[in-house]
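Just so it is clear, none of the values below were taken in a lab; they were calculated from the coordinates. Keep in mind that this is a model prediction, so the values were computed, not measured. When we count neighbours, we look across all protein chains shown, and the Cβ atoms used for this are built from the backbone with ideal geometry, even at glycine.
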Amino acid sequence: MSGYVDARLTQRHDWADGLATLRFEGEVPHFVAGQWVNVALTLGAQVVRRVYSLASAPGAPAELFLTRVTGGALSPHLFELKLGDAVGLERVAHGFFTLQYVPDAEHLWLVATGTGLAPFISMLRTDEPWHRFTRIVVVHSVREHAHLAYAAELRTLVAQHEPTLAYVPLVSREAPQAGVIAGRITAALVSGELERAAGVELAPATSHLMLCGNPDMIRDLTPLLDARGLVRHRVRKPGHVTFEKYW
Ligand SMILES: Cc1cc2nc3c(=O)[nH]c(=O)nc-3n(C[C@H](O)[C@H](O)[C@H](O)COP(=O)(O)OP(=O)(O)OC[C@H]3O[C@@H](n4cnc5c(N)ncnc54)[C@H](O)[C@@H]3O)c2cc1C
């Protein structure tokens, strides 16, 4: 396939059934943290492609953070990959969901549902956010505790970058464990719990938000942010919110 490199699966971590991180060896796509590539598999006579954010730091072996969509055309097949199996990874990455397009702000909020955490893990594995922002808040909303992937890495970063990073996990379908908020991001924003856990206020004068993942989260959060004066950022009309919808 032209424009693709062969990447072999070298490592796999299953966080829960249908939620995994896959690491590949081979030529690493050129990308900036936050960008995505097409991933291709030949299935029978057909090449099936879907786009995935890279969770690895640029230059490191490519890492994907995946959920299995039941009945999906590609993702169930990615979950069947065994060590040594190959996929096609697009050689050049795409997308504008990168820190380059985020205006300067004191506080950076990285708000994800599910696998929407992937681009943020990539960004946090680079130096840029640590130089640019005095406070970084990672909000990760999932259904069950087992889906709080990368929690150990994030807690290590919290300790290393004290007091810059706050990690705010939310679980919507289980009673919350200590340090985890129950319910959805929207409810936690309205109740004030989100900002209490983050240790900073969300305010237009200080904050920029990057939202990633489930389009319903982005749709529901947008008017709440808007009401607080946090509006969509556009190159020609600067604002406070950038987002990437996964479907
Ligand atoms: C810019 C971008 C980056 C993406 N990055 C990732 C990523 O890092 N990890 C990842 O798992 N997916 C990611 N996706 C989604 C991915 O491209 C596929 O849509 C997904 O793997 C389903 O493909 P499929 O062929 O199995 O299902 P399809 O037959 O294409 O079914 C698509 C349906 O699956 C559901 N769906 C799609 N993605 C997800 C998801 N992540 N979580 C829950 N439900 C979903 C939606 O209902 C969608 O309508 C990204 C999408 C975009 C647009």
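Structural remarks
- The calculated 222 nm mean residue ellipticity attributable to helices in the chain amounts to -5500 deg cm²/dmol, summing -39500 (n - 2.57) over DSSP H runs of n ≥ 4 and dividing by all residues.
- Formal net charge of residues neighbouring Leu9 (Cβ-Cβ distance under 14 Å; K, R +1; D, E -1): -2
- Rounded FRET efficiency, nearest 0.05, which uses the C-beta distance separating Ser191 from Glu25 and R0 of 45 Å: 0.50
- Förster radius 30 Å - calculated FRET efficiency between Ala146 and His94, Cβ distance, rounded to 0.05: 0.45
- Taking Val39, Val28, Val231 and counting other C-beta atoms within 10 Å, the order from fewest to most: Val231, Val28, Val39
- Only beta bridges with both residues in the chain are counted; by DSSP, about 50 percent of them are antiparallel.
- Angle between the chain longest axis and helix 215-227 axis [Cα atoms, degrees, rounded to 10]: 20 degrees
- Net charge of Cβ neighbours under 11 Å - reference Phe79; Lys, Arg +1; Asp, Glu -1: 0
- Summary of the geometry: the stretch 136-161 and the stretch 217-239, compared by the centres of their Cα atoms, lie 24 Å apart.
- The distance separating the Cα centre of the stretch 1-16 from that of the stretch 62-125 comes to 12 Å.
- Label-to-label distance, nm, for residues given as Lys245 and Thr42 (7 Å Cα→Cβ offset): 3.5 nm
- Relative contact order (%) - the chain, alpha-carbon pairs under 8 angstrom, separation at least six: 17 percent
- Counting Lys and Arg as +1 and Asp and Glu as -1 over every other residue whose Cβ lies under 12 Å from the Cβ of Leu54, the net charge comes to 0.
- Rounded to the nearest 10 degrees, the inclination of helix 151-160 to the longest alpha-carbon principal axis of the chain is 50 degrees.
- With a Förster radius of 22 Å applied to the C-beta separation of Asp216 and Arg173, the computed FRET efficiency comes to 0.90.
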